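K.L.:
Take a look at this one; I'll ask things after.
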Amino acid sequence: MRISTQTLYAQSMRSMNQQQAELSHVGQQIASGQRVMRPSDDPQAASRAVQVSQAQAITSQYTDSRVSARNALSMEESVLNSVGNAVSSAKTLMLEAANGTLTNADRASIASQLQGVYETVLGQANATDGNGRYLFGGYQDKSVPFVMSGGAVTYTVIDPNQDTSRQQQIDASRLMDVSDTGSTVFQGTRGATGFMAVAESGNTGSVTFKGRPNVVNSSDPNFGTPFKIAFSVTAGVATYEIQDGSGSVLQAAQPYQSGQAIQYGGLSLSLSGTPANGDAIAVDQAQNFNTDLFKTFEKALAILKQPADTPAQQAALQNTLGNAMTEFDGSLDNVLMVRASVGSRLNELDVIDKVASNRQLNYAQTKSDLVDLDYNSAISEYSLRNVGLQAAQKAFVSMKQMNLFDLL
């Protein structure tokens, strides 16, 4: 069969072009450091590399989300630290005010100091982040959560759907609270533990109590049941009976003596002083009484600004200050619990960051295994392609000389 000169030339050109293209492709791989520069190089590896890149981008987005969450929680932790210090200062002032040797003017001076602490806590409760959002406003974070009106502070977030902690997705399977509501921090009940005794506001006698009721028998069938110690005075003789919240008698009347310990429901409360007819003292679990930090401030300020000249006024002063100290203790414990929760969330963010960092390294290694170049094999292939191109060129030169005219 006769092969034309044109066919030989065309085949030689195709061979050289192919060798040149393959050599150029390997050179591009070496220059870029990637084995897969386009999907046609390895469709399966290219598809998997796209999936890995998407996973890397999602992980990077969650990393940015954790930065935002950490900033918000760090701000809250700082504010809670200031609130805790302020409540501790308030407790110190309560102890100072309970000194029986102080005059009305002395207590007024303490009230002035307590007023400053009160306003400091209010300012912290209305703290904002760097974007102007109120830290303790829940999802209603564009309006002031605590407003003072008529000498009392009111929590404005009353919608249950708004009064919830703001949440943020910090990882594929973790939705974290990045804030705490004002009701949780400043009206929370988690710190109100144990039992409390509270003298009713209408008392006119001088009965006082110190501290909390003591638990003497937790197995008592009435343990934990709220009750009231109701006094009656007839012909100068004082008696008391135990009543429930509706006034029904739980324990029949008994003689009262100053300094005695009254027991009911596994609790014991020591009382001193002289009651007036109709006086009463309520006993219940601490969380069922006032747990609002601002109301505690307001109650303490009100009693400190009043004169304490009569035995009844002095008894009201001592009982109110004692309750205020107990409530401040509960509020401080609650703030510390919230702060501990914030700290645990910050620690969790650190742990998730480490996990995400390791995950990103794994993604990078996987992607490298899929598309990155093995330089040793690539250089060897480049040399081989270069030899192939030179051979094709030499064959073409030799073929050009196969001409009858050269033999004439």
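K.L.:
Take residues that are within 17 Å of THR296 (Cβ to Cβ) and tell me which of the strands (runs of 3 or more DSSP E) falling wholly in the range 162-212 contain 1 or more.
P.N.:
Result: 195-199.
K.L.:
GLY191: more than 16 Å from the chain's Cα centre (by Cα) and under 17 Å from MET337 (Cα atoms), yes or no?
P.N.:
yes
K.L.:
Do you know which of the residues in the range 168-186 that are within 16 Å of GLN61 (Cα to Cα) and without any contact (Cβ under 8 Å) to a residue 60 or more places away in the chain is farthest from the chain's Cα centre (by Cα)? Steps first, answer last, please.
P.N.:
Filtering the range 168-186 for residues within 16 Å of GLN61 (Cα to Cα) gives 168-176.
Right, trim to without any contact (Cβ under 8 Å) to a residue 60 or more places away in the chain and you get 173, 175.
Numbers: SER173: 17, LEU175: 12 Å.
By that ranking, first place goes to SER173.
K.L.:
Next question, about the same structure. So which residues in the range 262-313 are among the β-branched types (Val, Ile, Thr), in contact (Cβ under 8 Å) with a residue 24 or more places away in the chain and in contact with a Leu (Cβ under 9 Å, 6 or more places away or on another chain)?
P.N.:
Matches in the range 262-313: ILE262, ILE281, VAL283.
K.L.:
When you check ARG107 against the structure, is it closer than 29 Å to ALA312 by Cα and not small (Gly, Ala, Ser), yes or no?
P.N.:
The answer is yes for ARG107.
K.L.:
So which residues in the range 139-153 are of a type in the set (Ser, Thr, Tyr) and out of contact with any Ser or Thr (no Cβ under 9 Å at 6 or more places or on another chain), if there are any at all?
P.N.:
Within the range 139-153, just SER149 meets the criteria.
K.L.:
Can you tell me which residue is surrounded by the most Cβ atoms within 10 Å (Cβ to Cβ) among those in the range 328-370 that are β-branched (Val, Ile, Thr) and out of contact with any strand residue (DSSP E or B) (no Cβ under 7 Å at 6 or more places or on another chain)?
P.N.:
Of the residues in the range 328-370, the ones β-branched (Val, Ile, Thr) are 335, 338, 342, 351-352, 355, 366.
Next, only the ones that are out of contact with any strand residue (DSSP E or B) (no Cβ under 7 Å at 6 or more places or on another chain) stay: 335, 338, 342, 351, 355, 366.
Details: VAL335: 26, VAL338: 23, VAL342: 24, VAL351: 9, VAL355: 12, THR366: 16.
Ranking the candidates gives VAL335 first.
K.L.:
In the range 138-161, which residue that is in contact (Cβ under 8 Å) with a residue 24 or more places away in the chain and not in a loop (DSSP other than H, G, I, E, B) is surrounded by the fewest Cβ atoms within 10 Å (Cβ to Cβ)?
P.N.:
Looking at the filtered set, the residue picked out is ALA152.
K.L.:
Which of the residues belonging to the range 202-254 are modelled with pLDDT of 90 or more and touching a Pro at 6+ places or on another chain (Cβ under 8 Å)?
P.N.:
Within the range 202-254, GLY205, SER206, VAL207, PHE231, VAL233, VAL237, ALA238, THR239, TYR240, ASP244 meet the criteria.
K.L.:
Output the residues belonging to the range 48-104 that are without any contact (Cβ under 8 Å) to a residue 60 or more places away in the chain and among the acidic types (Asp, Glu).
P.N.:
ASP64, GLU96, listed by residue number.
K.L.:
Let me ask something additional. Looking only at the range 59-79, how many residues end up being of a type in the set (Gly, Ala, Ser), surrounded by fewer than 17 Cβ atoms within 10 Å (Cβ to Cβ) and under 14 Å from the mean Cα position of the chain (by Cα)?
P.N.:
3
K.L.:
Output the residues belonging to the range 222-242 that are among the aromatic types (Phe, Trp, Tyr) and either surrounded by fewer than 15 Cβ atoms within 10 Å (Cβ to Cβ) or assigned to a strand (DSSP E or B) (or both).
P.N.:
PHE227, PHE231, TYR240
K.L.:
Could you please give the count of residues in the range 107-134 that are among the hydroxyl-bearing types (Ser, Thr, Tyr) and in contact (Cβ under 8 Å) with a residue 40 or more places away in the chain?
P.N.:
Residues meeting the conditions: 1.
K.L.:
Here are some conditions: (1) under 30 Å from GLN187 (Cα atoms); (2) at pLDDT below 90. ASP369 meets all but one. Which one does it not meet?
P.N.:
Result: ASP369 passes all but (1).
The values are calculated or read from the model by the stated rules, or taken from the named source; none is laboratory data. Treat the numbers as computed from the prediction; the structure is a model and nothing was measured. Here Cβ is always computed from backbone atoms with ideal geometry, including for glycine, and neighbour counts include all displayed protein chains.
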